[in-house]
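Let me begin by presenting the structure, written as structure tokens, before commenting on it.
Read the figures in this text as sums done on the coordinates, not as results from a lab. From a predicted model like this one, the values you see are computed outputs, not experimental measurements. All Cβ positions, even for glycine, are placed from backbone atoms using ideal geometry, and neighbour counts span all protein chains on display.
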Amino acid sequence: MHIGKLGRGELIAAIGGILLAFGVFAPWYATADDNRNAMIDGQRGSFSAWEVHPIMRWLLLAAAIAPLILAWIVVRDHKLSWPRGEMTAVIGIFAAGLILYVGLLSRPGEPPSQINLQLGYALAVLGALMIAAGGAVRAGGSERPRKPPGVL
């Protein structure tokens with residue numbers, strides 16, 4: 001194991017993973033105080049992604065683990081058939097897209113315009129973008145293995 005092999009990309013992605021994990025449990029949505037009809041699942045108040053999104057919470061926690069797996073691969077010097085960090089970047093992009101979709105286009109609750117976004121949502125977006133950026137930095141620093149001519 002060589003901890004000194006961890007670079008800037010892995011550290012950015014790992015911090016992003018921690019932010020994403022915290023963001024899942026922090027409040028994402030809050031009902032408007034001035035509208036007594038604004039509710040999420042029949043309740044008023046503030047809600048985290050863990051409370052509101054029963055399937056997506058597991059996907060986001062899995063995405064938060066991806067940078068730790070990348071760091072493990074780099075530290076243990078595992079050989080891969082794709083550039084290190086590439087899959088982490090893809091997972092970060094997927095998580096960011098999913099978070100942006102549920103926060104901006106398909107906000108839970110009724111009426112959606114009366115549901116406000118909270119700090120946990122911003123933490124989750126920032127964490128997912130940091131995972132994508134850190135994975136991309138790592139993937140950009142490694143070369144794709146070349147194949148001989150005629151091999152697909």
For the range 16-152, calculate the relative contact order in percent as a whole number, restricting contacts to Cα pairs under 8 Å that are 6 or more residues apart.
41
If you line up the long axis of helix 119-140 against the longest principal axis of the chain, both from Cα atoms, how many degrees apart are they, to the nearest 10?
10
Normalised radius of gyration for the chain, please: alpha carbon Rg relative to 2.2 N^0.38 Å, two decimal places.
1.26
Enumerate the calculated ³J(HN,Hα) couplings along the range 12-26 in order (Karplus 6.51 cos²θ - 1.76 cosθ + 1.60, θ = phi - 60°), each rounded to whole Hz, writing x wherever the residue is Gly or Pro.
4, 5, 5, 5, x, x, 5, 4, 5, 4, 5, x, 5, 9, 7
Helix 56-76 sits at what angle to the longest principal axis of the chain, using alpha carbons and giving 0 to 90 degrees rounded to 10?
20
Cβ-placed point charges (K, R +1; D, E -1), dipole of the range 3-140 about Cα centre in debye, nearest 20
500
Under the Karplus relation 6.51 cos²θ - 1.76 cosθ + 1.60, θ = phi - 60°, what is the ordered set of whole-Hz ³J(HN,Hα) values for the range 106-111, x standing for Gly and Pro?
10, 5, x, x, 10, x
Distance from the Cα centre of the range 95-127 to that of the range 1-56, in angstrom?
9
Top positive-direction residue, dipole computed over the range 9-152 with Cβ charges, set 102, 31, 129:
129
